[in-house]
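I have placed the structure first, in the form of structure tokens, so that the comments after it can refer back to it.
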Amino acid sequence: MSMADMQRRRSPRALREYVLATKEAVSADIEERHRGILKEGLYKQFLDELVPLSCFAVWAYPENCEIQWVAGNQAFDALVFDDRGLECDRVEITTPHDGKAEARDARLVVSRGYGSVRIGTPGDEVEDLVPHVLRVCQEKAKKDYADCTLVIAIHPEPSFESLRSLREGQIQSVADRLAAIPFKAKRAFLLVLPDTVLPLHCS
């Protein structure tokens, strides 16, 4: 994995295949896997931006488009080009999470093979994310993304199949709360990784 390879233009399907192949290769190498868990080097950008971008792209854009992730501090994370090679969209990805807790858990996984043990009630995996999601999105609402598609990506821990209806209700509740935030964006979506996309209202 290199910066140049990460920024190569790809169709939505090719981008998703690149991400999956990279994750598979990293998983097979214990040193690289540990670097990925700790989000060292390029892994933070890969996991926080490129992975959700690849999931969103296959849902949002036709296969004759090309997606290019762009490194840097500009007001977007990716460019989208149509079948004539002309820019047709920009994408800003945000992945709200509890960074300190995740970093602490990652260190435990690397050092002993498993993270912290948490005891709670069904639905906590979504509810614990809500304050971080709202805080980050309220900050995003202060910025101008008028020429961008804004994607808020979350990845709650997996839950049991028997809790599907509870989880779906919680996710819809999060989407409803985000829909009330007046984002200055062309479009806004909630992406629940890997493949659930909920449109949000944009002012």
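The values are calculated or read from the model by the stated rules, or taken from the named source; none is laboratory data. Since the structure is predicted, the reported quantities are computational estimates derived from the model, not experimental observations. Cβ sites come from the backbone with ideal geometry, for glycine too, and all protein chains shown count toward neighbours.
Here are some notes:
- Looking only at the stretch 1-57, and only at residues there that are modelled with pLDDT of 95 or more and of a type in the set (Lys, Arg), the one that is surrounded by the fewest Cβ atoms within 10 Å (Cβ to Cβ): 13
- Failed criterion for residue 121 (all others in (1) at pLDDT below 75; (2) β-branched (Val, Ile, Thr); (3) closer than 26 Å to residue 183 by Cα hold): (3)
- Residue in the stretch 101-115 that is under 24 Å from residue 195 (Cβ atoms), in contact with a Pro (Cβ under 6 Å, 6 or more places away or on another chain) and either at pLDDT below 90 or in a helix (DSSP H, G or I) (or both) present: no
- Some residue of the stretch 44-61 being free of Cβ contacts under 8 Å to residues at least 60 places away in the same chain, charged (D, E, K, R) and farther than 24 Å from residue 154 by Cβ: no
- Residue under evaluation residue 76, criteria (1) assigned to a loop (DSSP other than H, G, I, E, B); (2) surrounded by 17 or more Cβ atoms within 10 Å (Cβ to Cβ); (3) out of contact with any strand residue (DSSP E or B) (no Cβ under 6 Å at 6 or more places or on another chain); (4) not aliphatic (A, V, I, L, M), criterion not met: (3)
- The stretch 170-200 - residue that is at pLDDT below 90 and either more than 16 Å from residue 133 (Cβ to Cβ) or in contact with a Lys or Arg (Cβ under 7 Å, 6 or more places away or on another chain) (or both) and, of those, surrounded by the most Cβ atoms within 10 Å (Cβ to Cβ): 194
- The set of residues in the stretch 51-65 being touching a helix residue (DSSP H, G or I) at 6+ places or on another chain (Cβ under 6 Å) and in a helix (DSSP H, G or I) consists of 51, 54, 57, 58.
- If you go through the stretch 140-156 and keep only what is over 19 Å from residue 90 (Cα atoms) and either assigned to a strand (DSSP E or B) or modelled with pLDDT of 90 or more (or both), you end up with just 154.
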